[in-house]
Amino acid sequence: QTGYVLYVDVTDEQMRTERLRVLTRILRHNIRNKMTVINGMAGSLGDDIASAKRQEQLDRLTRASRELTELAEQARNIDELVTDAEELPVDLAETLRHVVDGLRDQYPEVTFSLGDLTPATVTATAALPAGIEAIVQNGAEHNENPEPRVEVGLDMVAGDYAEIRVTDNGPGLDEETHALVTGQQEPTQLSHLDGLGLWLARWAVADAGGSLEFDYDGGLTVKIRLPITDTADAGDKELLTQQVK
């Protein structure tokens, strides 16, 4: 029993350390670089406001500022989610419907389809629905196919686990992103991983006792496997269907 408790404590400490390291690297590297762009463009515009390149510089300045603001806001929201330790029952089928409905409005050019959604409830914090949304959104946001599609399904596997499958027809994860998110590479340099959504998904799934798997065969399929909660123990607690705002 003592050995088991020690194992859990060490794992939790390692997870907290990784979260802090990733957030620190994102803030130090990405925000610093984008602020350099903002300051450089602002100085250039001040020196030569009549230049023909003014519009291009203004566009770059605006884009860098917007990306910086979005990244900072995302980091703040994720920090709130991962530090909220309250666990509640999560209705996975309802969560997926809620996520897909919201993303259809956000990405009208993408065809979203819901396959079979086997009823399943798991126990997790508010970070899990947000992490699931990040996986589905990733399939839409980075999909360069002329006819982008994202398919979502939910089934039972191995008796005691629910498996969410998110398949898109995009280019898949690049090697660096895949190595970082799967833990094959230390997050020492995150120059090609501007967003935090996939990190949130990894942390949330791990906290819920689940696993993430990435397969590519003409399109990326992400499998999220989670241990099922006995719905008889769920009581009348409100089911979490929260999204990242």
Query raised in the report: Which percent of the accessible heavy-atom area of segment 62-174 goes to carbon and sulfur, probe 1.4 angstrom?
Result: 43
Report summary line: Net charge (Lys, Arg +1; Asp, Glu -1) of residues whose beta-carbon lies under 10 Å from that of residue 219, residue 219 excluded, is -3
Report task. Provide the three semi-axes, in whole Å and in decreasing order, of the ellipsoid equivalent to segment 118-166 as defined by the square roots of 5 times the Cα gyration tensor eigenvalues. Result -> 24, 15, 6
Query raised in the report: Taking the simple approach of a point 7 Å from Cα along Cα-to-Cβ for both residue 73 and residue 215, what is their distance in nm?
Result: 3.7
Report task. Place the peptides 165-173, 126-134 in order of packing, highest mean first, counting for every residue the other Cβ atoms within 10 Å and averaging per peptide. Result -> 126-134, 165-173
Query raised in the report: What is the packing order of peptides 102-114, 217-229, 197-209, taking the mean over residues of other C-beta atoms within 10 Å and listing the highest first?
Result: 197-209, 217-229, 102-114
Query raised in the report: Using heavy-atom solvent-accessible surface (probe 1.4 Å) with all chains present, what is the largest-first order of 160, 12?
Result: 160, 12
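The values are calculated or read from the model by the stated rules, or taken from the named source; none is laboratory data. This is a predicted model, so every value here is computed, not measured. We place every Cβ from the backbone using ideal geometry, glycine too, and count neighbours over all the protein chains shown. Ligands, DNA and RNA are stripped out before the accessible areas are found, and what is left, the full protein with its side chains, is counted by its heavy atoms. Shrake-Rupley method; radii C 1.70, N 1.55, O 1.52, S 1.80 Å.
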